[in-house]
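Here the structure comes first, spelled out in structure tokens, and everything after it is commentary.
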Amino acid sequence: MPFFIEQLGKRHDRSFFSSGFHELDSYLQKQAGQEARRYIAAPYVLCESGGSTVIGFYTLSSISILIEDLPKSMTKKLPRYPVVPAVLIGRLAIDFRYQRQRLGEYLLLDSLYRCHRQAHKIAAAAVVVEAIDQKAKQFYQRYGFIDFPEHSNRMFIPMKIVEKLFNP
């Protein structure tokens, strides 16, 4: 593929990024670097091979899930802790000039792979996303994400399902 994904660095040009969602564009251009330096989020960027212009990005960070927010079918297999650890894909976006090329899928699968690789080193029972709109929600549903019963746009995928994606 003529693209690569790496952690956001000073060499990356974010100035022209435009996904169609002001809050995502603004985050990438103004906050992502600060949050990386403060260990709040780990932003990963998609660029064309040999380039430094950001055409897509996602962020990963830790999150805790209240056990009561999970479906009963999942909680009966978990310890009776009040919260369980998870990974949050806080933001995921593609520049509008590159949309409809399956690059969102490429970013999502890369993020899930990174979560899977680290799950045995830093425990995580699930991967969580916040769908920005109905279209994003449908996108995540296609990859097996499940709605949290009490949160309309928050979704998750159990790490056991993620593991099956990469270790069939």
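Taking the range 8-29 only, how many residues are within 15 Å of Ala93 (Cα to Cα) and surrounded by fewer than 17 Cβ atoms within 10 Å (Cβ to Cβ)?
So the answer is 9.
Residues of the range 36-48 being open to solvent by 20 Å² or more (accessible area, probe 1.4 Å) and either hydrophobic (A, V, I, L, M, F, W, C) or closer than 18 Å to Arg117 by Cα (or both), which ones?
Passing the criteria: Ala36, Ile40, Ala42, Tyr44.
Any idea which of (1) open to solvent by 30 Å² or more (accessible area, probe 1.4 Å); (2) touching a residue at least 40 places away in the same chain (Cβ under 8 Å); (3) under 22 Å from Ile5 (Cα atoms); (4) over 11 Å from the mean Cα position of the chain (by Cα) is the one Ile63 doesn't satisfy?
Here Ile63 clears every test but (3).
I'm trying to understand the selection: among the residues of the range 66-83, which are under 21 Å from Cys115 (Cα atoms), outside any helix (DSSP H, G or I) and in contact (Cβ under 8 Å) with a residue 12 or more places away in the chain?
Leu66, Leu70, Leu78, Val83
Out of Gly56, Gly51, report the one residue that is of a type outside the set (Asp, Glu), open to solvent by less than 50 Å² (accessible area, probe 1.4 Å) and under 18 Å from the mean Cα position of the chain (by Cα).
After ruling out the rest, the residue left standing is Gly56.
From the list Arg91, Arg117, which one is open to solvent by 80 Å² or more (accessible area, probe 1.4 Å), at pLDDT 90 or above and of a type outside the set (Asp, Glu)?
Among Arg91, Arg117, only Arg117 is open to solvent by 80 Å² or more (accessible area, probe 1.4 Å), at pLDDT 90 or above and of a type outside the set (Asp, Glu).
The values are calculated or read from the model by the stated rules, or taken from the named source; none is laboratory data. Source: prediction; values computed, not measured. No Cβ is skipped: glycine too gets one built from the backbone with ideal geometry, and neighbour counts run over all protein chains shown. Remember, those area values only see protein heavy atoms, side chains included, never the ligands or the DNA or RNA. Shrake-Rupley method; radii C 1.70, N 1.55, O 1.52, S 1.80 Å.
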